[in-house]
Amino acid sequence: MTIITVNAPTGHLGLEQRRELAETLTDAVLVPEVGQPAPAARAGFQVHFAERRRDMMAIGGRLLSDAGQELDVMVIDIAVMDAAWQPDVRAQVIERVLAALAAACGLEKPSPTWWVNFRVIDEGSWGSSGGVLSVLPLLDSGVFTEERVKAVRAALGGA
């Protein structure tokens, strides 16, 4: 299970951009997580778009509504299940997310005022369907590459 929340000023992302990002942000995390673009794994990914009025966001101590239109602020929060999230894999996800946002916004490179938070939810701290979820049963689902299965098992203490 992965939840990606895009926090942006109201109206910043249009419907077509959100449609594109729903897919590209999912892929940005899914491929590094499972090791391949596995269609069966897509159901475990959610993308949420949260809009905030410009007077409800600030940067540098100034409300966006007071700072002018030149500021392009977004915060992307990525919450993932505990697995093999070494620094290089996290960096790959963050770079892929920022690249997807830049592409959807028609920019050559991401804005320096777009920030990504990458959070790992501890094993036993994620729930759905009336209970606690674990990545461990998912390892035998066939969506993870063998390399990623080994990495996740090693990261979780050989489970």
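The values are calculated or read from the model by the stated rules, or taken from the named source; none is laboratory data. Note that the coordinates shown come from a computational prediction; the quantities given were computed from them, not determined experimentally. Reconstructed Cβ throughout: ideal geometry from the backbone, glycine too, with neighbour counts over all protein chains shown.
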Suppose we keep only residues that are touching a helix residue (DSSP H, G or I) at 6+ places or on another chain (Cβ under 8 Å) and among the charged types (D, E, K, R) within the range 141-159. Which one would you say is nearest to Ala8 (Cα to Cα)? Arg148
In the range 98-132, how many are in contact (Cβ under 8 Å) with a residue 24 or more places away in the chain and charged (D, E, K, R)? 3
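In the set Arg62, Arg54, which member is within 21 Å of Leu21 (Cβ to Cβ) and either modelled with pLDDT under 95 or hydroxyl-bearing (Ser, Thr, Tyr) (or both)? Before you say what the answer is, go through the steps one by one.
On the way: Arg62 fails: within 21 Å of Leu21 (Cβ to Cβ).
Only one candidate passes the filter, namely Arg54.
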